[in-house]
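Take a look at the structure set out below.
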Amino acid sequence: MAKHWKSKLHEIIYEADTPAGKLFDVVILVLILASIALVMLESVNDFALQYGNFLFIAEWIITILFTFEYFARIISIRKPSQYIFSFYGIIDFLSTIPMYLSFFIVGSQSLIALRALRLMRVFRILKLARYIGESNNIMRALKSSRIKIGVFIMFILILCTILGSVMYLIESEKDSGFTSIPRSIYWAIVTLTTVGYGDIAPHTPLGQFIASIIMILGYGIIAVPTGIVTAELATMEKEEIHLNTQSCPNCSAEGHRDNAEFCFDCGEKLNPKKTD
């Protein structure tokens with residue numbers, strides 16, 4: 001009997017292939033958005049002074065609900081450490097504990113801002129059946145592109161170092177803000193990314209000419225990472241693998257293929273896949 005209700009609880013919490021699982025994810029998503037809204041409203045002094053009690057009570061209710069969910073996730077899997085020390089397990093803990101610390105420890109109120117970490121849980125909610133393929137394709141494309149993107153970033157850093165050093169040589173004696181090579185490199189990064197804070201600006205004609213070249217170059221450079229990931233996505237569309245939201249009841253591994261009967265990680269038998 002205990003094994004049955006744990007299996008049912010695991011299916012509801014960790015999977016989204018059933019109506020109950022989808023409803024659970026939707027409810028958690030609403031709670032996450034409500035919690036983030038409360039965090040933002042608390043930062044508005046006038047609103048916090050007028051509705052402080054309401055915000056306090058509402059946040060405690062949401063925190064208690066997330067606490068129940070946290071322990072339900074631990075109870076419903078055979079290896080709780082797999083969830084506790086996972087990325088989302090740590091996020092869940094860090095976003096829940098500040099409210100309890102503020103109740104027992106004086107001066108810990110500043111940690112309450114960590115509740116905003118709950119927004120990261122939206123990525124877990126996106127495992128809903130409608131989005132599972134798209135979200136997995138994006139993650140796979142980013143993973144496959146990591147070496148190319150890493151090389152590109154290294155190239156940009158080298159380019160900014162060279163350009164910053166050149167601008168330091170040209171502008172260092174013109175009282176234009178290029179007081180050191182690191183500060184000049186900072187200017188090159190800001191200019192190349194087309195951010196342009198304006199706190200440092202070249203004064204000499206040569207410096208302004210180089211700055212113009214860097215600005216134009218920046219528009220082309222910004223598109224490179226997007227092109228790399230887009231190319232990977234186009235390749236994966238031809239080799240699309242259909243995945244579902246089943247989560248292993250033993251090790252919590254996700255990303256199993258449709259009709260999979262056993263976990264690809266630990267070999268544990270999966271819950272039978274159900275459809276609407």
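The values are calculated or read from the model by the stated rules, or taken from the named source; none is laboratory data. Note that the structure is a prediction, hence the values are computed from the model and not measured. Note that we place each Cβ from the backbone using ideal geometry, even for glycine, and neighbour counts take in every protein chain shown.
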Legend entry - Subset of the range 14-25 (residues that are surrounded by 13 or more Cβ atoms within 10 Å (Cβ to Cβ), in a helix (DSSP H, G or I) and of a type in the set (A, V, I, L, M)): 20
Inset, instruction - Would you mention how many residues in the range 39-52 are assigned to a helix (DSSP H, G or I) and hydroxyl-bearing (Ser, Thr, Tyr)? - result: 1
Legend entry - Flag if residue 10 is loosely packed, with under 12 Cβ neighbours inside 10 Å and either modelled with pLDDT under 85 or not aromatic (Phe, Trp, Tyr) (or both): no
Inset, instruction - Take the residues in the range 93-126 that are of a type in the set (Phe, Trp, Tyr) and at pLDDT 75 or above, then tell me which one is farthest from residue 31 (Cα to Cα). - result: 100
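Quick test for you: out of 161, 191, 179, pick the one residue that is part of a loop (DSSP other than H, G, I, E, B) and not assigned by TED's automatic domain parsing to the domain that holds residue 121.
179
Against the condition surrounded by fewer than 12 Cβ atoms within 10 Å (Cβ to Cβ), more than 21 Å from the chain's Cα centre (by Cα), at pLDDT 90 or above and part of a helix (DSSP H, G or I), how does residue 57 come out, does it pass?
Considered against the rule, which asks whether it is surrounded by fewer than 12 Cβ atoms within 10 Å (Cβ to Cβ), more than 21 Å from the chain's Cα centre (by Cα), at pLDDT 90 or above and part of a helix (DSSP H, G or I), residue 57 comes out as yes.
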Legend entry - Unique residue being closer than 25 Å to residue 223 by Cα and of a type outside the set (A, V, I, L, M, F, W, C) when the list is 179, 191: 191
Legend entry - Residue selected from the range 193-209 under the condition modelled with pLDDT of 85 or more and under 16 Å from residue 156 (Cα atoms), by the criterion surrounded by the fewest Cβ atoms within 10 Å (Cβ to Cβ): 195
Legend entry - Counted residues, the range 219-257 - those being among the aliphatic types (A, V, I, L, M), at pLDDT 70 or above and part of a loop (DSSP other than H, G, I, E, B): 1
Inset, instruction - Could you identify the single residue in 64, 91, 77 that is closer than 29 Å to residue 249 by Cα, part of a loop (DSSP other than H, G, I, E, B) and not aromatic (Phe, Trp, Tyr)? - result: 77
Legend entry - Tabulated pairs, the range 87-101, first closer than 13 Å to residue 62 by Cβ and assigned by TED's automatic domain parsing to the domain that holds residue 36, second part of a helix (DSSP H, G or I) and basic (Lys, Arg), C-beta under 6 angstrom, 6+ apart or interchain: 95/115; 95/118
Inset, instruction - Take residue 36 and decide whether it is in contact (Cβ under 8 Å) with a residue 60 or more places away in the chain, crowded, with 19+ Cβ neighbours inside 10 Å and assigned to a helix (DSSP H, G or I). - result: no
Inset, instruction - Looking only at the range 60-96, count how many residues are more than 19 Å from the chain's Cα centre (by Cα) and of a type in the set (Asp, Glu). - result: 1
